[in-house]
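Following: one structure in structure tokens, then a few remarks.
The values are calculated or read from the model by the stated rules, or taken from the named source; none is laboratory data. As the structure is a computational prediction, the values presented were derived from the model and not from experiment. Cβ: placed from backbone, ideal geometry, glycine included. Neighbour counts: every protein chain shown. We work out accessible area using only protein heavy atoms, side chains counted, and drop any ligands, DNA or RNA first. Shrake-Rupley method; radii C 1.70, N 1.55, O 1.52, S 1.80 Å.
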Amino acid sequence: MFSYLILCLLALSSCVDGSNEPQFTVLRFGSSTGDYIEFAPRNMASFRRALTVTGWIKRGTNPGRYPMVMQYYPGIVSIGSNGHYNYVNKHLYLTGMFPNVGIWFHYAMTWQAGGQQRVYINGEEIGNTTASTSELKTDGKIYLGGNYNHGSDYVFGGELHKLTMFAEELSAEQVKVVAEAGMCTAVEDSLTIEKLEWGYFLSQPKTGNVVESTAACFSLLKEQLQETSDKLNDTQARLTDTQKKLNVTSQRLVDAEKEIKEKDAQLEEARTLSKISKWDVLLTPAFYNKRLTKDSYNSHIQDWAML
């Protein structure tokens with residue numbers, strides 16, 4: 001039923017061009033070391049002892065080895081798109097725990113000097129560590145799309161939306177609210193906390209192949225529905241495969257039970273025949289006419305006892 005509903009919504013979305021729908025703005029970064037944004041941010045003194053970085057990320061198809069979405073250096077704050085970098089004066093490695101390439105996901109990292117450093121994906125915490133006690137330096141630069149020396153290993157090559165830096169450690173509840181609000185709202189702006197907002201990042205000069213573009217939120221909904229539909233189809237295929245395996249296993253159990261019953265019947269038949277053969281021996285005229293020795297007498301007495 002749910003799959004059918006998604007297909008209906010996809011069909012409906014194909015009939016709407018999104019021209020009257022709210023728009024969302026993304027930054028698309030090229031896959032070379034020359035595609036980046038670099039600037040000296042304002043008021044970093046407010047971020048010395050606490051911060052939260054949030055944003056929507058879509059991993060690129062041709063990134064560097066350790067793709068860097070954002071870095072503040074020296075500082076140091078580093079955020080990667082594949083989980084390798086979640087750094088605020090201390091590493092928190094979460095490689096392999098981020099969504100796959102081509103899927104939008106919400107990222108948040110919170111930090112309090114001497115407290116905790118936490119990372120959230122789509123509003124759910126996936127890792128934490130005791131935070132460094134060192135304060136952030138206040139004279140660094142922010143780099144988007146790569147790291148401070150523009151190394152090839154750190155090319156991002158993906159897409160970014162609603163990057164925001166808060167000068168406080170957001171709570172888990174606040175992070176969840178921001179993530180669940182989605183890409184087409186301005187809930188970050190409603191938080192009365194000092195911050196570097198998305199519009200501020202968009203206003204910075206761009207170097208190389210860094211493109212600012214907009215898309216209708218309805219198009220985003222269609223994309224997300226398609227992703228959900230694909231996941232449901234994959235799940236359905238796995239369930240079907242599992243059901244087939246269960247059916248095979250069930251048939252094997254039935255066959256095994258049948259075989260056990262047959263062997264039990266054969267065993268019972270063998271026991272019956274064994275008893276009959278002893279009666280036949282004991283009741284034959286030859287048995288009575290035979291002169292019994294003491295040992296053979298005892299043996300036959302035991303045979304009688306077993307019957």
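Some points to look at:
- Number of positions in segment 191-204 that are hydrophobic (A, V, I, L, M, F, W, C), outside any strand (DSSP E or B) and modelled with pLDDT of 95 or more: 3
- Any chance T207 is over 24 Å from the mean Cα position of the chain (by Cα), farther than 29 Å from Q117 by Cβ and at pLDDT 95 or above: yes
- Of the strands (runs of 3 or more DSSP E) lying entirely inside segment 34-127, those containing at least 3 residues that are open to solvent by less than 20 Å² (accessible area, probe 1.4 Å) are 50-58, 68-73, 77-80, 104-112, 116-121.
- With respect to the stated conditions, G157 fails to be in a loop (DSSP other than H, G, I, E, B), open to solvent by 50 Å² or more (accessible area, probe 1.4 Å) and either on the phi > 0 side of the Ramachandran plot or of a type in the set (F, W, Y) (or both).
- Check on E188, touching a residue at least 12 places away in the same chain (Cβ under 8 Å) and not in a helix (DSSP H, G or I): no
- For the residues E169, E135, the requirement of being out of contact with any strand residue (DSSP E or B) (no Cβ under 8 Å at 6 or more places or on another chain), farther than 29 Å from K231 by Cα, charged (D, E, K, R) and assigned to a loop (DSSP other than H, G, I, E, B) singles out E135.
- Within segment 227-240, if we keep just the residues that are over 17 Å from N100 (Cα atoms) and open to solvent by less than 70 Å² (accessible area, probe 1.4 Å), the residue that is farthest from the chain's Cα centre (by Cα) turns out to be T240.
- Considered as a group, the residues in segment 160-188 that are within 18 Å of Y200 (Cα to Cα) and among the polar types (S, T, N, Q) include one that is surrounded by the fewest Cβ atoms within 10 Å (Cβ to Cβ), and that residue is T185.
- Segment 141-154, subset aromatic (F, W, Y) and open to solvent by 30 Å² or more (accessible area, probe 1.4 Å), residue farthest from the chain's Cα centre (by Cα): Y148
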